[in-house]
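Please read the structure below before turning to the comments.
The values are calculated or read from the model by the stated rules, or taken from the named source; none is laboratory data. Everything numeric in this text was worked out from a predicted model, so none of it was measured. As a convention, Cβ positions derive from the backbone with ideal geometry for all residues, glycine included, and neighbour counts pool all protein chains shown.
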Amino acid sequence: MTDDNQIIIFDTTLRDGEQSPGASMNQMEKLRIATQLEKLGVNVIEAGFPAASEGDFGAVKAIAKALKTTQVAALCRANTNDINRGWEAVKDAAYPRIHTFIATSELHMKYKLQMEPDQVLQQAIESVKLAASYTDNVEFSAEDGSRSDPDFLCRVFGAVIEAGATTINLPDTVGYAIPEEFGELVEYVQKNTPNIDKVILSVHCHNDLGLATSNTLTAINAGARQVEVTINGIGERAGNTSLEEIVMSLHTRPNFFPFTTSIDTKRIYPTSRLVSMITGILVQPNRPIVGANAFAHEAGIHQDGMLKNPMTYEIMKPETIGLSKNSLVLGKHSGRHALNAHIQEMGYDLSKDELNTVFEKFKRLADKKKNIQDEDIEALINEGVLRSAEVFCLEYIHVLSGNTVFPTASVQLNINGRPVQGATDGNGPIDAVYNIISKLTGTKSELLRFTISALTEGTDAQGEVTVRLQEDGIVALGKGADPDIITASALAYINGLNRLEYLKEHPVVKAENF
């Protein structure tokens, strides 16, 4: 149970967030995000779907062992195998949770489950009883709850509470609900579910109509005390309710939302950047709270008002979410200690070996770029620390290009420890580089998207390249950064190919979609 004004933050970035196309994460990356989420102050982390694969099981188990203060939840379908497997994965956690679910809408029961309502009810009861035999921390979700018959929903919730559930979750699985309607359903469930006062009522909203945050806030005012969210709102289809939007709405408007959370808001921005770097999913510039333009003011009237009083056009301070205004300038003469201190201020904790790797890359970059900014450092951390286990590694790249020569590229790769090299031409320097990398790796992937952006201002800025690759229905994202945009392009392509190789061995299996 919880204080009635305390909102429990349940983060599912590592489970539902990973179901974003191409957003695969290996075990090391998931563990790093989980550790950051614990520092952020998240109450419950849904670490994954252990029955999906050995890779997911191993990641959940590693996270369960590593975290000290945060509850670790394993998602399980309402069947014996999933629940047994889920418990095996989280049993070593300081605070383990089993999260089981089954669909309750007529549409899902008839066409997907092909079960009668009474069968669904019985399976829900049996599954919760099994979970409760392992732990007293059991969550039950009614998939497609927002489109379920309210009376049947209450009947199922009442039965699973009696069976041992301590949290019941009402999902808007397909983002269909409208705030007023969803708030009324939350109130109806509270009034008509036996023993509802003995458990936590949770909501999990998708963003198909762009209403996930609105629905979640309405549900909080209607009585929900746990919210299921992801960093940057990533997730299936149009994504999930965004952690940062919910937390900062409560923080900024306490007169309307008299609730608190355990989140350390100063860690929001570093966490957002970490998730973006690891998953390869860019944060759109105009995204609330964490977007690049969220605290940018270009209009003259706005700038004038900001100079007189920042509150004229800013409803929250950038420092509140961890946007640093540190005046420390890093450059080629900066030492290891100064770099490490700045990295820690940015919200990252690196081991000695990781710091050494980043410092070496930092020195090389400082020879090319006078002033190193936070975005540059994040790119170095991404390249040096957060990369997936690499099948392909770039050794060198040489390019000949110009308006009077035919573009050619010579590349040497390290493939599983074996050096290979070759050269070919293309329509331009990047096309030539991609042609030879494709030939050397033997990839059959298709390049779906290629984007370039500058990490900072100035002609010496690092270029950041993002690619989206597809092979046999598998989609992977790749990112690379370097002051040389051709090198950045090569790094992004190779990163995408490495992620494809990882996904072939560790496919992301969807745990349905509530």
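Please state which of the following conditions residue 450 fails to meet, knowing it meets all the rest: (1) in a strand (DSSP E or B); (2) surrounded by 18 or more Cβ atoms within 10 Å (Cβ to Cβ); (3) among the aromatic types (Phe, Trp, Tyr).
Answer for residue 450: the failing condition is (2).
Here is a check on your reading of the model: is residue 169 surrounded by fewer than 23 Cβ atoms within 10 Å (Cβ to Cβ), on the phi < 0 side of the Ramachandran plot, of a type in the set (S, T, N, Q) and at pLDDT 95 or above?
For residue 169, the condition - surrounded by fewer than 23 Cβ atoms within 10 Å (Cβ to Cβ), on the phi < 0 side of the Ramachandran plot, of a type in the set (S, T, N, Q) and at pLDDT 95 or above - is not met.
Has the range 90-107 got at least one residue that is under 27 Å from the mean Cα position of the chain (by Cα), closer than 25 Å to residue 39 by Cα and in a helix (DSSP H, G or I)?
There is at least one residue in the range 90-107 that is under 27 Å from the mean Cα position of the chain (by Cα), closer than 25 Å to residue 39 by Cα and in a helix (DSSP H, G or I).
Give the residue, chosen from 277, 306, that is assigned to a helix (DSSP H, G or I), modelled with pLDDT under 90 and more than 19 Å from residue 20 (Cβ to Cβ).
Within the list 277, 306, the selection yields 306.
What are the residues in the range 469-493 that are farther than 18 Å from residue 364 by Cβ, surrounded by fewer than 20 Cβ atoms within 10 Å (Cβ to Cβ) and not small (Gly, Ala, Ser), if any? First the steps, then the outcome.
Residues of the range 469-493 farther than 18 Å from residue 364 by Cβ: 469-479, 489, 492-493.
Checking the rest, the ones that are also surrounded by fewer than 20 Cβ atoms within 10 Å (Cβ to Cβ) come to 470-474.
If the condition is that a residue be farther than 18 Å from residue 364 by Cβ, surrounded by fewer than 20 Cβ atoms within 10 Å (Cβ to Cβ) and not small (Gly, Ala, Ser), then 470, 471, 472, 474 are the ones that fit.
Could you please tell me which pairs satisfy a Cβ distance under 7 Å, a separation of 6+ or placement on different chains, a first residue in the range 38-51 that is in a strand (DSSP E or B), and a second residue that is among the aromatic types (Phe, Trp, Tyr) and buried (at least 24 other Cβ atoms within 10 Å of the Cβ)?
Correct list of pairs: 44/10; 46/10.
Among the residues of the range 347-363, how many are surrounded by fewer than 18 Cβ atoms within 10 Å (Cβ to Cβ) and closer than 21 Å to residue 266 by Cα?
Of the residues in that region, 1 qualify.
Can you find, within the range 459-514, the residue that is modelled with the lowest pLDDT among those that are of a type in the set (A, V, I, L, M) and closer than 15 Å to residue 18 by Cβ?
Checked the range 459-514; the qualifying residue modelled with the lowest pLDDT is 511.
Being farther than 26 Å from residue 498 by Cβ and buried (at least 16 other Cβ atoms within 10 Å of the Cβ) narrows it down to one of 379, 338, 366, so name that one.
366
Run residue 24 past the list (1) out of contact with any His (no Cβ under 8 Å at 6 or more places or on another chain); (2) assigned to a loop (DSSP other than H, G, I, E, B); (3) among the small types (Gly, Ala, Ser) and report the number of the one that doesn't hold.
(1) is the only condition that residue 24 fails.
So which residues in the range 21-52 are buried (at least 24 other Cβ atoms within 10 Å of the Cβ) and among the polar types (S, T, N, Q)?
24 - this is the single residue of the range 21-52 that is buried (at least 24 other Cβ atoms within 10 Å of the Cβ) and among the polar types (S, T, N, Q).
Could you check the range 353-435 for strands (runs of 3 or more DSSP E) lying wholly inside it with 1 or more residues that are in contact (Cβ under 8 Å) with a residue 40 or more places away in the chain, closer than 30 Å to residue 29 by Cβ and of a type in the set (A, V, I, L, M)?
Working: elements: 392-400, 408-415, 418-425.
So the answer is 392-400, 408-415.
Pairs please, first residue from the range 287-304 and surrounded by 14 or more Cβ atoms within 10 Å (Cβ to Cβ), second anywhere and modelled with pLDDT under 85 and of a type in the set (Phe, Trp, Tyr), Cβ atoms under 9 Å, 6+ apart in sequence or on different chains.
297/313; 302/313
Considering each residue of the range 192-242, count those that are buried (at least 22 other Cβ atoms within 10 Å of the Cβ) and among the charged types (D, E, K, R), and give that number.
2
Hey, can you tell me all the residues within the range 125-141 that are among the small types (Gly, Ala, Ser) and either over 15 Å from residue 77 (Cβ atoms) or outside the structural domain of residue 167 (by TED's automatic domain parsing) (or both)?
132, 133
Please verify whether the range 120-137 includes one or more residues that are touching a Gly at 6+ places or on another chain (Cβ under 8 Å), touching a residue at least 24 places away in the same chain (Cβ under 8 Å) and not in a helix (DSSP H, G or I).
yes
Just the residues that are of a type in the set (Gly, Ala, Ser), surrounded by 22 or more Cβ atoms within 10 Å (Cβ to Cβ) and in a loop (DSSP other than H, G, I, E, B), please, taken from the range 53-87.
78
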